[in-house]
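Data first, discussion second: the structure below is written as structure tokens.
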Amino acid sequence: MAGAKLEKTRWPGIYRRGARYAVVYRDKDGKQRKETARTLDDARALKRRREGGETNTAGRLTFAEYAREWESAIRRATPPARTTDASSNDG
């Protein structure tokens, strides 16, 4: 089966193939395998699962990725109730 060529991405083992991403990894027996994913995020998650690193991904995040996740978590959090206290406005 001759498909589109694999184009490198900045993530090792993840390649762009047409409109999808291909993840290249080695199974437990050392045999090279390939799987595809629709998005880059899906491909990165697949790569982490296949390498057994799903539980500790914080060290592999870029600052921009961390910032997006942090911002999303903050937006989901319920803001604390605000009270106006006249004595707190005294300077």
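The values are calculated or read from the model by the stated rules, or taken from the named source; none is laboratory data. Note that the coordinates shown come from a computational prediction; the quantities given were computed from them, not determined experimentally. Using ideal geometry, Cβ is built from the backbone for each residue, glycine included, and neighbour counts are taken over all protein chains shown.
A few remarks follow.
- Of all the residues in segment 5-17, those that are surrounded by 12 or more Cβ atoms within 10 Å (Cβ to Cβ) and assigned to a loop (DSSP other than H, G, I, E, B) number 4.
- Scope segment 18-42; condition surrounded by 16 or more Cβ atoms within 10 Å (Cβ to Cβ) and either more than 26 Å from Tyr66 (Cα to Cα) or at pLDDT below 90 (or both); matching residues: Tyr25
- Yes/no for Ala45 being assigned to a helix (DSSP H, G or I), surrounded by 12 or more Cβ atoms within 10 Å (Cβ to Cβ) and either at pLDDT 80 or above or on the phi > 0 side of the Ramachandran plot (or both): yes
- Qualifying residue in segment 25-40 (condition: more than 21 Å from Thr62 (Cβ to Cβ), of a type in the set (Val, Ile, Thr) and without any contact (Cβ under 8 Å) to a residue 60 or more places away in the chain): yes
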